[in-house]
Amino acid sequence: MQLLETNRLILRNFAATDAAGLLEYTANPRVNCFMDHQISTLEEATEEVAKRSSDDSHIAVCLKDSNELIGELFGMKEERDSDTYGIGWNFNARFEGKGYASESANAFIEYLFTQQEVRRLYAYVEDDNFRSQKLCDKLGFRQEGCFMEFVSFVKYEDGTPKYENTYQYALLKKEWLSQRANQK
């Protein structure tokens, strides 16, 4: 991926120096959907950043002044529809409340719509993940619906799956262009 810069952030491919930062926010995922991505050791984190360094689907979000990894964005192209992407984010709790998620996601969305010719973006958000729901609203996404008992990432103590209700948010390029025109 090409390097993207915002006022305070750099968006780039993962690098070997990101292992400790990745471990910090993936060791204890706060959102169940990231339980499958849990990393427990620095060695695992080093292996993961090596994989991600050549993978444009995971984008490192770093502070511009220090290059410190504070989170990630991800975007995956739908196999059946080459102009539709699913996107998401995962950030270190130490950096919440500073606007970094919206700043980086806005830059990523602009990149996808203008450089990758994406027509439609969507994001899945669990019904109890209020921060991500608020971020989707702030980014101009509209809620399309709620999938009841959609997916399970964790299990109850008895071993049965805990299914989560999941909202789907979406944003079309034409909606994004209209929103930008109205902001000027």
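For this structure, a couple of remarks:
- Check on Phe74, touching a residue at least 40 places away in the same chain (Cβ under 8 Å), closer than 23 Å to Leu112 by Cα and in contact with a His (Cβ under 9 Å, 6 or more places away or on another chain): no
- Against the conditions (1) surrounded by 21 or more Cβ atoms within 10 Å (Cβ to Cβ); (2) under 24 Å from Arg8 (Cα atoms); (3) in contact with a Lys or Arg (Cβ under 9 Å, 6 or more places away or on another chain); (4) at pLDDT 95 or above, Leu63 satisfies every one except (1).
- Qualifying residue in the stretch 141-162 (condition: of a type in the set (S, T, N, Q) and at pLDDT 95 or above): yes
- Tally, over the stretch 151-183, of residues that are within 19 Å of the chain's Cα centre (by Cα), under 30 Å from Gln38 (Cβ atoms) and not small (Gly, Ala, Ser): 9
Residues checked against (1) at pLDDT 95 or above; (2) within 16 Å of the chain's Cα centre (by Cα); (3) not basic (Lys, Arg):
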| residue | (1), (2), (3) |
| --- | --- |
| Leu9 | yes, yes, yes |
| Asp18 | yes, no, yes |
| Met35 | no, yes, yes |
| Arg80 | no, no, no |
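- Tally of residues being closer than 17 Å to Asp137 by Cβ, open to solvent by 30 Å² or more (accessible area, probe 1.4 Å) and in contact (Cβ under 8 Å) with a residue 12 or more places away in the chain across the stretch 77-99: 1
- Wholly within the stretch 67-184, helices (runs of 4 or more DSSP H) carrying at least 2 residues that are over 25 Å from Asp55 (Cα atoms) and of a type outside the set (Val, Ile, Thr): 130-138, 173-183
- Yes/no for Lys138 being charged (D, E, K, R) and touching a Lys or Arg at 6+ places or on another chain (Cβ under 8 Å): no
- Residue in the stretch 154-184 that is least open to solvent (accessible area, probe 1.4 Å), counting only those that are of a type in the set (Gly, Ala, Ser) and within 24 Å of Thr84 (Cα to Cα): Ala170
- In the stretch 105-150, the residues that are touching a residue at least 40 places away in the same chain (Cβ under 8 Å) and among the β-branched types (Val, Ile, Thr): Ile109, Val118, Val125
- The number of residues in the stretch 134-153 being open to solvent by 30 Å² or more (accessible area, probe 1.4 Å) and either touching a strand residue (DSSP E or B) at 6+ places or on another chain (Cβ under 6 Å) or hydrophobic (A, V, I, L, M, F, W, C) (or both) comes to 10.
The values are calculated or read from the model by the stated rules, or taken from the named source; none is laboratory data. All figures in this text were calculated on a predicted structure; none of them were measured in a lab. All Cβ positions, even for glycine, are placed from backbone atoms using ideal geometry, and neighbour counts span all protein chains on display. Accessible surface areas use protein heavy atoms only, side chains included; no ligands, DNA or RNA. Shrake-Rupley method; radii C 1.70, N 1.55, O 1.52, S 1.80 Å.
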